[in-house]
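Asks: I'd like to ask some things about the structure below.
The values are calculated or read from the model by the stated rules, or taken from the named source; none is laboratory data. Treat the numbers as computed from the prediction; the structure is a model and nothing was measured. Because the Cβ atoms are built from the backbone with ideal geometry, glycine has one as well, and the counts that use them run over all protein chains shown.
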Amino acid sequence: MSSWERRNSKVDDMAQGYANELIATNDTIATNPKFFSEPCAIYIDNKKVSCLALESVDEAVVLPELMEYWAAKDRLAPEHFRLVDWPIVHRAMKSLRPAEQRFMTKHTVGMCGVGKFRKQWGLDSENRCPLCGLEEDHLHVPRCPSDPAKTQWQLLLQELQEWFQSTTTATPIAQFLRALLRTIRTPHNQPQTETP
């Protein structure tokens, strides 16, 4: 036998030995080891991902950490994550241009041009509401206790009601949105004195 034939025979024997080992342990599906060129191997449910499905990786790797982050920020309790229709949120976000996606994401988490961020961005020297003088974050704007803010809130609600009527918005939708605005203006832990 030539040296190539001997090597081939040796490798064949090793492969047969490994196959016998798998058969003996009833594990006939070989593991998928990390390739020499892979920077890392990703496993989901103890199975190596052989083709990168980003949605699966995001769900398994990114989502748990993201849920923990937002739960710590008191934005969305872990038990409420399952109530969100994430595929619809994904579809809605993908329908926006990238600039609109960034705006929507920032606006959703309260990162907008109010006193808190204007001070951080160096646009204002202090974080104060121009109407009442209290510290101003994104939630202060609809909740500002000043008389001009209350008047403006009522005017905007009236305009919204007129818009609902002009567009023949379904009554349950209009009622839901008014109730949502009421909870934004007057949180659950405060007495509700206004009715939008």
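Asks: Please work out which residue is surrounded by the most Cβ atoms within 10 Å (Cβ to Cβ), limiting yourself to region 1-27 and to residues that are under 49 Å from the mean Cα position of the chain (by Cα) and β-branched (V, I, T).
Replies: I23
Asks: Going by what's in this entry, would D45 be described as without any contact (Cβ under 8 Å) to a residue 40 or more places away in the chain, out of contact with any strand residue (DSSP E or B) (no Cβ under 9 Å at 6 or more places or on another chain), at positive phi and not hydrophobic (A, V, I, L, M, F, W, C)?
Replies: Yes; evaluated as a whole, the condition is true for this residue.
Asks: OK, next. What are the residues in region 55-69 that are within 28 Å of G110 (Cβ to Cβ) and either modelled with pLDDT under 80 or among the β-branched types (V, I, T) (or both), if any?
Replies: Correct list: E55, D58, E59, V61, V62.
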